[in-house]
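Down below is the structure, laid out as structure tokens.
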Amino acid sequence: MGTAVFNDGKELYVSTGRGNAVTVIDTEKNEVPRSPLLSARGEGEGEESIVAMIPVGNRAWGIALDPSGSKLYTVNGASNDVSVVDLKSRKELRRIKVGDGPWGIAIVRAAK
């Protein structure tokens with residue numbers, strides 16, 4: 001549904017919509033081993049590059065990183081909230097209630 005890339009480009013975060021999670025993908029894994037069974041069926045390519053699945057609210061759509069790169073935010077359309085995720089621990093810290101059906105999010109730096 002939505003994507004965000006860590007500052008150094010080594011991780012890609014993908015919101016999964018109905019999957020109610022954020023997938024963390026290691027972007028540096030270029031050679032991906034595949035199981036023989038999945039290869040024969042043409043499936044499984046890229047699965048080893050997934051390093052984490054972080055549960056968040058219902059219908060995670062929009063996604064954004066904070067400027068420091070320590071937290072990630074998802075807007076969850078069906079649960080009408082925003083999940084705050086700590087990227088170091090790879091856990092949802094809390095949910096913030098918002099209006100009906102949120103789908104997008106933007107993070108801006110405060111003026112100094």
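Observations on the structure shown:
- Taking Cβ atoms as reference points and 10 Å as the exclusive limit, the residues near residue 79 contribute a net charge of +2, counting Lys and Arg as +1 and Asp and Glu as -1.
- Candidate residues 71, 112: accessible-area rank, largest first, probe 1.4 Å: 112, 71
- Separation of the alpha carbons by more than 27 angstrom is noted, of 10/97; 71/97; 29/97; 29/88; 91/112, for 10/97; 29/97; 91/112.
- Counting heavy atoms of the protein chains alone, residue 66 has an accessible area of about 30 Å² for a 1.4 Å probe.
- Ranked order, 27, 74 - accessible area, probe 1.4 Å, largest first: 27, 74
- By a 1.4 Å probe calculation restricted to protein chains, residue 107 has an accessible surface near 60 Å², given to the nearest 10.
The values are calculated or read from the model by the stated rules, or taken from the named source; none is laboratory data. What you see is a predicted model; the values in this text were computed from it and never measured. Heads up, the Cβs are rebuilt from the backbone with ideal geometry, glycines too, and the neighbour counts pull from every protein chain shown. Just so you know, the surface numbers come from the protein's heavy atoms only, side chains and all, with ligands and any DNA or RNA stripped out. Shrake-Rupley method; radii C 1.70, N 1.55, O 1.52, S 1.80 Å.
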